[in-house]
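Please treat every number below as a calculation from the coordinates, not as lab data. Here the structure is a predicted model, which means the values were calculated and not measured.
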Amino acid sequence: MDMHSATTQGSPSPAITVQDTIVKATEILDMAGDELMIAQQAVEECVRDFPLTDAEMRRLQKLDVATQTVASVARVLRNLMSLSPTGVSDSVSLTHVYDGVTLGEVVQVLKGEHAPDVSVAAGEIDLF
């Protein structure tokens, strides 16, 4: 599926503050996270009585990682909004930015570290 910009040609672009942009982006991530959780519940119900191969389990675990990533990024944005007004180039406490983030890969990326492959090892795994 191709993604295209939703901008309209020829109309002036309205202005928005950075803070309002972060608020709106967080709301979008929260909605996407809710939809991912609903999808996880549907998948869990569908596969409850069917044994999964290791490859199928790894593919399904990617849905869980995506859900956690969306929630973690939304948390980062909420943390940024809780700071006193800052400029785009101001420095902020990284510890405050990732406070409450539960996905280690997101914290590693924020720290500038290379996030490991999030593939899940085969075996006994709770689906979601």
*Kindly provide log₁₀ I(q)/I(0) values, in the same order as q = 0.15, 0.18, 0.27 Å⁻¹, from the Debye equation applied to equal alpha-carbon scatterers of the stretch 4-87.*
-0.74, -0.87, -1.24
*asked:* Given the stretch 40-81, report the % of alpha carbon pairs whose separation exceeds 16 Å.
replied: 49
